[in-house]
1. Is there a residue in segment 127-147 that is within 28 Å of residue 4 (Cβ to Cβ), more than 12 Å from the chain's Cα centre (by Cα) and surrounded by 14 or more Cβ atoms within 10 Å (Cβ to Cβ)?
2. Among the residues of segment 24-59 satisfying the criterion of being within 21 Å of residue 156 (Cβ to Cβ) and in contact with a strand residue (DSSP E or B) (Cβ under 7 Å, 6 or more places away or on another chain), which is surrounded by the most Cβ atoms within 10 Å (Cβ to Cβ)?
3. Can you confirm whether residue 102 is within 18 Å of residue 66 (Cα to Cα) and assigned to a loop (DSSP other than H, G, I, E, B)?
4. Restricting the first residue to segment 144-156 and requiring it to be farther than 25 Å from residue 122 by Cα, which pairs with a second residue that is in a strand (DSSP E or B) meet a Cβ separation below 6 Å and a spacing of at least six or different chains?
5. Identify the residue in segment 83-99 that is under 17 Å from the mean Cα position of the chain (by Cα) and in a loop (DSSP other than H, G, I, E, B) and, among all such residues, is nearest to residue 30 (Cα to Cα).
6. Filtering segment 112-126 down to residues that are under 23 Å from residue 101 (Cα atoms) and in a loop (DSSP other than H, G, I, E, B), which residue is nearest to the chain's Cα centre (by Cα)?
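Bear in mind that the values in this text are calculations on the coordinates, not laboratory data. What you are looking at is a predicted structure, and each value in this text was computed from that prediction instead of being measured. Every residue, glycine among them, receives a Cβ derived from its backbone with ideal geometry; neighbour counts consider all protein chains shown.
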């Protein structure tokens with residue numbers, strides 16, 4: 001049975017800040033996610049209500065091989081790093097990140113106010129994530145868990 005409708009802010013924030021190993025995990029400390037999709041038992045895609053404190057980033061600069069992502073800005077003015085370009089986003093702006101393009105992206109809150117956005121991502125199996133600016137690679141295992149390694153394959 002489905003839970004009844006409720007305010008998204010009433011869903012508890014995730015205790016787990018990141019799957020990144022040190023020192024990368026510290027870079028997303030200012031990010032808070034409410035895993036709305038998981039709360040409702042969704043399994044084909046994820047939906048998060050995410051807040052970035054001033055100075056925080058959404059994730060390391062990255063791109064996915066198989067999983068698409070979508071972001072809709074609710075509050076604040078984050079900077080979108082998209083390939084070699086930067087864009088200042090406003091509430092109501094949205095962008096999709098098609099898997100397999102090789103174009104990396106990241107949101108950074110360079111403002112003095114919080115940024116709040118909805119992020120949606122599919123859960124296509126066998127994804128790999130490349131981090132062009134960092135010695136990190138993420139590979140999705142058949143169980144759905146992630147294996148994080150150095151780019152040469154050494155484990156963290």
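1. So far as segment 127-147 goes, no, none of its residues is within 28 Å of residue 4 (Cβ to Cβ), more than 12 Å from the chain's Cα centre (by Cα) and surrounded by 14 or more Cβ atoms within 10 Å (Cβ to Cβ).
2. Step by step, filter segment 24-59, then rank; the result is 58.
3. For residue 102, the condition - within 18 Å of residue 66 (Cα to Cα) and assigned to a loop (DSSP other than H, G, I, E, B) - is met.
4. Within 6 Å, the pairs are 155/149; 156/148.
5. Ranking the candidates gives 89 first.
6. 123
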